[in-house]
Structures are given as C-alpha cells and as structure tokens.
Amino acid sequence: MPMWFHPSVRLNLGFPRILSSTSSSFKSISTALAFLNPTQSSDDEYASSSSLSSSTASSSYANSTATDISGYTHNLNTTKTSTPVAQDLFDASRVVQILNSMKRDPKTAISFFDRLKEQGFAHDVSTYAALVRILCHWGLDRKLDAVFLEVIVGSSNGHRQHPGFEISDLFERLVVVEGLQADETLVRAYNALVKSYVSIGMFDEAIDVLFQTKRRGFIPHIFTCNFLMNRLIEHGKVDMAVAIYEQLKRLGLSPNDYTYAIVIKALCRKGDLEAAVHVFQEMEVAGITPRAFAYTAYIKGLCTHQRSDLGYQVLQAWKGADAPIEAYAYAAVIRGFCDEMKLDDAESVFLDMQKQGVVPDAQSYGALIHGYCKSCNLLKALALHNDMVSKGIKSNCVIVSSILQCTCNMGMSSEALSLFEEFKGSGIFLDEASYNIVVDALCTQGRVEEAVQLLEEMKGKRMSLDIMHYTTLIKGYCFIGKIVDALNLFEEMKENGFKPDIIVYNVLAAGFSRNGLASEALDLLEYMEAQGLKPNSVTHNMIIEGLCKGGKVKEAEEFLSTLEDKSVDNYSALVNGYCEANCTSEAYKLFVRLSKQGVLIKKSSCVKLLTNLCLEGVCDGALVVLETMLALNVEPSEIMYSKVLAALCQAGDMKKARWFFDFLVEKGSSPDVISYTMMIHGFCKMNCLQEAQDLFHDMKERGIEPDVITYTVLLDGLSKTNLRRVCSPLDARENKEGKVDASTVWTEMGDNGIRPDVICYTVLIDRYCKTENLQDAVALFDNMIDRGLEPDTVTYTALLSGYCNKGDVDKAVDLFKEMSTKGILTDTRTVSILHHGIVKAKKLQFRR
C-alpha cells in the first residue's frame, strides 16, 4: 500500500486540484477518502503510484482503490473544465451514506464534510443532518455550535454564505426523516441550538427553541436554561430571565443550586430584594443548600441599591451561621460602601474580613483603593496598594488605572507619569486604558511629542490604538495650538478605519474655538452634519466656552444668539466662558437676568461664578448667588458655603461673616474645624480677641478638636496684643484675670497631643522677640530644633530681628552666617533687618 494512502496519514494531506466533467461514482468509501487526500505529487507520479499499488498490493480492496484513483487522475490530464469535481462525483445521498458509515470516526467525518465543501460541493439539509447526528452522538458541542451558526448566519470561510435552508428545516429532517425521538441525541441538538442563538444575541429565537422541546416530548437540560438566563441578565433582559424561570417550573423542570443563584441575581438587579428572599425559601423547601454564589448575589444586590449597611448585616449573620461566605462577598460590601462614600465603613469591613480569617484578594483591595481614589485620598490608596503587593497579591491594570486617574484628577500629572513608570517597571500589565490616562496627562502638560512616543511604545507591545487614543492626542495638539497636526491625525484616524464620533468632533470644535478660529468651528458643524452627525448641546457649549477662552467673547455671544433652541446648558457655558475670560461682571449680570426669569444655570457654573466673585472680593454678589440657589430649591454645596465665609473673613467684614456663620449653623450645616479656624483668624486680624476666644470655646463644646493651624492662628492673635508678658509660656500659668492667653493655649496644645509645627514656633518666637523676651525666644528656637524641626527663613529672620533690637549684633551676624551654612536662603527683609541693626549699633557706639 502506498504511503500516501495509508490510513494513518491520508487525512492530513492536502486536496488535489482535480477538474473533471465525469460523473462517476466511487466504488468504496476508501476510494472517496483517497480522492480527497492524495499527495501533492505530479500527475505522472499519481499514475506511477497507482500502477505500483496495483502490482504490489496483497488485497483486492487496495487493488480496487488504486484502480479508481488511477481513473480519476487520468481525468485530470484529459479534462479542462471550471466545474468542481466534488459536485460531479458526489450526490447528497452518497455523501449521507458515507457519513453514516463514519459514525465511529467523527474526526474523519468532519474532515470529509469540510473538504467536500471546500471542493465546491453544496451540502444540503440531509448531509448536515447526518453530520449533526454524529456530532451529537460524540458530544462534540463546540463543532456542533459552529455547524448551527453556519446554518443560521452563513459560513465565515468565504466559500459559501449560506447552506440554502433554514435551521427549522434541519431539525424537521432530524425528527421526521431521521426518526429521532426524545433521546439524548435530539436533546443535545436542541441544547446546542439554544446556546448558538444565545451566543449571537438572538434571544427570542433561543426562547422559542427552548419551549419547542415540550412539544417534542422532553425538557431541555438545566445547564442550557441556566446559560440562557445568565446571558439574558448580562444583556439587561432581567424580566425575561425571571419569566423563563417561572415558565420552566411550570414545565416541570427541577432547578439546581446555580439556577436559583441566577434568579436571585436577576431579582437583585431589578431591585426586588423581597422576591430574592422568597427564592432562598424555595431552595430550603426543595432541600437545596445555597452556594457562595447565591449568598454573594443577594449581598451584592443590597449593596448595589444603596443598602450596604443591611448587606453587611446579612453577611455577618450568614457568616455566623457558617454559610460559605467568600472574599467576593466582602468585596461587594466594600464596593457598596465606597459607592456611598462611606469609606470608614468600607475600611472597617476590610479589617473585619481579615479578623474572620478571610484573606482579602485583589478585588477586595481594588474596591477599597477605588473608593479612596474617588475621594481623592491618594496617600491611602497608595498605602493600600503597597500593602497588597507586599503580601504577594498581584495588582492589575484596573487598580493602577484608578490610582493614575486619581493622581491626574488632583492636578498631579508629573506624579502620574512617575507612578506609571514605577508600575510598568514592577511588571504590572498596563492596558490601553492605562496608557491613555498617561497620554492624556502628557497632553495636559503640553508634552504631546512624548505622548506620541508612549503610543508608539504601546503599539510595540501589540496593543492597537483605538478611537479613544486618537481623540486624546487630537485634544493634546489642540491644547498646544497645533491645529494642523490635530487635523492630520484626524485624517489618519479615518484612513485607519475609525469613524469619528461626536466626541472627536466636540474636541475639534473646542480646539478651533480655543485658538480663535471661529469660522473654522462653524464650518466644522456643517461638515459634521454632512457626515450624518448632528451637533449636540455639548458641541455648542464647547464652542461657546472655547471662544471665550480664546478671547473671542463677542463671537461667543453671537454664536449663542444664532442657536434656535437655547438651553440652560448653553447659558451655563457662556457664564463659564465669561469667568474664564475674567468677565465676572458680565457673568453675574447674565446669572441675575436668568434667575429673574426663574431659570438657574448649572450648579457647576454657579460654583465657578461664586468662586470668581469671592476672589474679586465681591462678597455681596456671592451671597446673592447662594440666596438665588436656595430660592430656586437648589442646595449649594458645602464648598460654596466655605468659599463665601472665607471671602467675608478675608475682606474683614466680620459682622457679616458672623451672621453667615450663624445662618449655616441654624440651617443644620455643621461647621468644621476649617470654618472655625477661618472665623477665629478673621476676628484676630480685626483685634477682636474676645470674639475669637468665644469661638474657640464654642468649637470645643461642639466636640470639634482644634488642630495645629487653629492653635497657631489663636497664638498669633494673642501675640499681637500690646500686653507684655512677665511669665514665660513655658511656665504654663494662667494670668490673674483668668482669660485665655498664649501660655494657656500652649499648654493645652501639649495636653491634647498637638505637636507645634515650624509656623507655630515661628509665631511664638516672633512674639517674644517683639515683647523683648529674647531669652524665651531663644529657648523656643532651641526646643524646636531638638524636636527635629528645621527653622525656615521666617523663623531665622524673627530671631535675628530680636537680637538686633537688643543691640546684640554679633549674635545676629552669627545667626545670619548659620543660615548661609545650612543653605537657607535669605530674603530682602532678613538683609534689611541685619543692615539696620548694624547701623544702629554703630550709631550707639559713636555716641558713646
């Protein structure tokens, strides 16, 4: 037997390029296989090999096979036609016969079926049915899925787009012609068909097939039902999944533990938590013990619907009852608390899970890190990440992307770049989103060329640029005024097959406007519409704000006037633009005019306007903004209240500041340490020490602990009185009048564990020097150094001034030299004080 015909190798060989008009039929199955699997030899070699085979083979089987092959090879030499030989030499019934004989060898059957198709044979419903029976018999679900998809949507190999019959015809053939009953083969076929429909999102068809099984006399496998319901939930079709569950129960299907868990997840997704509890009760009646997935699904449902506190209580109760609660359930609660911005509670859960012997995984760490990043607590996020890595838990691109984004949001672009390199150097895989965050950070700094290099690095790692990366880079070029480069990149993006979306056009519109290209921005709007994209409110807003930023305020006003349907967002954009262009008075006038019409601009625009008014000292206008918001039932944010209070204190209008402070307290807003400190500082500046002391006592009575800044402000206020102290504050004695003095405040700081900082020491040193208590000033200076604090220029200047006032110029000069030795820069005030001290000393010496 020739080697090319040996059964062990024939299936791995290529197809001959045979063309024939002969419509012969094969005498044996082996002949058919030999036809489909000859070597890549020449025609003469085929003939020679056939002759050798017929003269040396010891079996008639081999003789007949070789003779047949010799004949078909001869046809190749004599016939030139475009008709595929497979279509001429086989008919459907013969192929079905061959496939049926291959039932015990599914690999050979699949190869035979596929190679016939490649040779141009048009399989019909009967040949597909024969192949399906073999695949079902052997449980080859993956290949079965491919076959069904081919019938449903057509072949993807380019030879045939569609077999020419419907999937219903195939199953009709299986049941009616092939005579399949409700056996395992037919059940497997229906299960596979359901999964095929689900995999391409044809859920209605999948459900129809699922319930056809009842008419066929059997119930689908529970795994198939679970697969369908789970995918429905993931695609947001929760009600449909629950309805299928109810219908399957009516059909007599027995759910398993995973079925119940899927239904619990569905009910929790839609917020029907009470119904989810009933499912647990159904499981108990059915004698099925819930697994960890079911418990976690319910806990996650509670947390998703802002019930994290209840979710944690349920977790603790089930944990106490020895339910299989895993780290994922804890992660769900941590994530829930973080979403509700209850970070202290989230941290408590994180610590509790470790006490309970549950080892935190990357998801648990990631949830808490993401929460800290949302609250811009970068230090805690980094500390937690370091703790995770130190315990051998591998970080991932999702976690580090949160950290990188947080760093950028805090305006720390340079630090984000350093962290990116650190993460990359530690071996953490950084995906396209991680790269884009850093690319955006570089573009924000105007370092666009470095951003381009980073994208090239990304491509070198076989990661592809997507529309997100192009958009970020286009925005970067617009930011630095390189509009031509932005447009070139825009064209490159289109050439690479990316269709620009509304976001890309908005970025370009903002870029044109920001760079003063008003007419080009308007032309872009027309181009967008020609491309089938209608500019939206965001597009208009970007043009309005961009024109204002580019100094084209009048053009921005004119553009707004051309809009037919002006929205609140458009007016808000103009207010923002006015503020960016330092036209705060115009912004305020527009705000007042709109509010009189009962229209309130966006809250973020109110914040921007209020900020500008406060910075410019227009406190009455800022108060009007707050009053208007409250009148229109919009609650200002805490930061807005704080800005107004700070502006009033800065302006020295303490009467109005006190009124505003009391107003906030009365309306239920709890002042914090910052608010109290601002008020105390304002009163101290106005030399209203009694009012400052009253507030200091009030904050402590409310349980608000003063921090080092509060104490420093009060000490500074007390130090500016004209009273000259006899006793040292280090003696920690109260004065005879029983009022709060610097000594009392200093002692209280120590008792409360508040360590003074450089500024606090400097305030006291300056006070002692000005009250001619140089000895205590020097003692404080030395005490400060002993505690590890390094005096700065202001501290040295205060003490140097004290020496000069005392006439001790030599020590002042020594102190000046010490500053130089330590590398502490001197300023003009330091030099001026020393110069006057030396001159004064010389005059005194001259008079003597």
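The values are calculated or read from the model by the stated rules, or taken from the named source; none is laboratory data. None of the values given here were measured: they were computed from a predicted structure. Cβ sites come from the backbone with ideal geometry, for glycine too, and all protein chains shown count toward neighbours.
Conditions tested, residue by residue: (1) touching a Gly at 6+ places or on another chain (Cβ under 9 Å); (2) at pLDDT 90 or above; (3) hydrophobic (A, V, I, L, M, F, W, C).
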| position | (1), (2), (3) |
| --- | --- |
| ASN226 | no, yes, no |
| ALA243 | no, yes, yes |
| GLY252 | no, no, no |
| TYR260 | no, yes, no |
| LYS265 | yes, yes, no |
| ILE288 | no, yes, yes |
I'm trying to understand the selection: among the residues of the range 414-429, which are more than 13 Å from LEU378 (Cα to Cα) and surrounded by 16 or more Cβ atoms within 10 Å (Cβ to Cβ)? LEU417, PHE420, PHE423, LYS424, ILE428
Give the residue, chosen from ASP344, ASP361, ASP339, ASP352, that is of a type in the set (Asp, Glu) and either at pLDDT below 90 or touching a Cys at 6+ places or on another chain (Cβ under 9 Å) (or both). ASP339
So if I check each of ASP569, ASP672, which one is modelled with pLDDT under 90 and of a type outside the set (S, T, N, Q)? ASP672
Among the candidates VAL187, VAL194, VAL198, which residue alone is modelled with pLDDT of 75 or more, in contact with a Lys or Arg (Cβ under 7 Å, 6 or more places away or on another chain), closer than 30 Å to ARG115 by Cα and of a type outside the set (Ser, Thr, Tyr)? VAL198
I'd like to verify a number: residues in the range 461-492 that are part of a loop (DSSP other than H, G, I, E, B) and either of a type in the set (A, V, I, L, M, F, W, C) or closer than 21 Å to GLY446 by Cβ (or both), how many? 5
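A quick yes/no check of all residues on (1) among the small types (Gly, Ala, Ser); (2) closer than 25 Å to GLU705 by Cβ; (3) part of a helix (DSSP H, G or I):
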| site | (1), (2), (3) |
| --- | --- |
| LEU630 | no, no, yes |
| ASN633 | no, no, no |
| ILE639 | no, yes, yes |
| VAL644 | no, yes, yes |
| ALA647 | yes, no, yes |
| GLN650 | no, yes, yes |
| LYS655 | no, no, yes |
| GLY668 | yes, yes, no |
| PRO671 | no, yes, no |
Got a number for residues in the range 375-426 being among the small types (Gly, Ala, Ser), under 18 Å from ARG335 (Cβ atoms) and outside any helix (DSSP H, G or I)? 2
Scan the range 812-846 residue by residue and report those that are under 18 Å from LYS770 (Cβ atoms) and buried (at least 17 other Cβ atoms within 10 Å of the Cβ). ALA812, LEU815, THR830, ILE833, LEU834, GLY837
Output yes when any residue across the range 564-583 is of a type outside the set (S, T, N, Q), touching a residue at least 12 places away in the same chain (Cβ under 8 Å) and on the phi > 0 side of the Ramachandran plot, and no when none is. no
So, first residue more than 15 Å from VAL644 (Cβ to Cβ) in the range 597-621, second residue aromatic (Phe, Trp, Tyr) and part of a helix (DSSP H, G or I), Cβ within less than 7 Å, six or more apart or across chains; the pairs are ILE601/TYR571; ILE601/PHE591
Unmet requirement for LYS643, which otherwise passes all of (1) touching a Lys or Arg at 6+ places or on another chain (Cβ under 6 Å); (2) closer than 30 Å to GLN690 by Cα; (3) of a type outside the set (Asp, Glu): (1)
Within the range 383-412, work out how many residues are surrounded by fewer than 19 Cβ atoms within 10 Å (Cβ to Cβ), touching a residue at least 24 places away in the same chain (Cβ under 8 Å) and closer than 21 Å to LYS342 by Cα. 2
Restricting the search to the range 771-802, which residues are small (Gly, Ala, Ser) and assigned to a helix (DSSP H, G or I)? ALA777, ALA779, ALA798, SER801, GLY802
Output for Cβ contacts, cut-off 7 Å, separation at least six or different chains, first residue closer than 12 Å to HIS836 by Cα in the range 799-813, second of a type in the set (S, T, N, Q) and in a helix (DSSP H, G or I), reads LEU800/THR830
With the checklist (1) of a type outside the set (Ser, Thr, Tyr); (2) over 33 Å from the mean Cα position of the chain (by Cα); (3) more than 23 Å from TYR477 (Cβ to Cβ) in hand, flag the one item GLU555 doesn't pass. (3)
How many of the residues in the range 234-262 are farther than 18 Å from ASP204 by Cα and either surrounded by fewer than 17 Cβ atoms within 10 Å (Cβ to Cβ) or out of contact with any Asp or Glu (no Cβ under 9 Å at 6 or more places or on another chain) (or both)? 12
Scanning the range 794-848 residue by residue, those of a type outside the set (Gly, Ala, Ser), within 21 Å of LEU764 (Cα to Cα) and touching a Gly at 6+ places or on another chain (Cβ under 9 Å) turn out to be LEU800, TYR803, CYS804, ASN805, ASP808
Hey, among the residues in the range 213-261 that are among the basic types (Lys, Arg) and in a helix (DSSP H, G or I), which one's farthest from PHE280 (Cα to Cα)? ARG215
When ASP569 is run through (1) out of contact with any Ser or Thr (no Cβ under 6 Å at 6 or more places or on another chain); (2) in a helix (DSSP H, G or I), the failure sits at (1)
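Residues are listed down the side, and each one gets a yes or a no for (1) among the hydroxyl-bearing types (Ser, Thr, Tyr); (2) out of contact with any Phe, Trp or Tyr (no Cβ under 7 Å at 6 or more places or on another chain); (3) modelled with pLDDT of 90 or more; (4) farther than 26 Å from ILE765 by Cβ:
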{"position": "MET654", "(1), (2), (3), (4)": "no, no, yes, yes"}
{"position": "ARG658", "(1), (2), (3), (4)": "no, yes, yes, yes"}
{"position": "ASP662", "(1), (2), (3), (4)": "no, yes, yes, yes"}
{"position": "ILE680", "(1), (2), (3), (4)": "no, no, yes, no"}
{"position": "VAL708", "(1), (2), (3), (4)": "no, yes, yes, no"}
{"position": "ARG725", "(1), (2), (3), (4)": "no, yes, no, no"}
Out of ASP776, ASP786, ASP757, ASP766, which single residue is acidic (Asp, Glu), out of contact with any Lys or Arg (no Cβ under 6 Å at 6 or more places or on another chain), buried (at least 16 other Cβ atoms within 10 Å of the Cβ) and farther than 19 Å from HIS836 by Cβ? ASP776
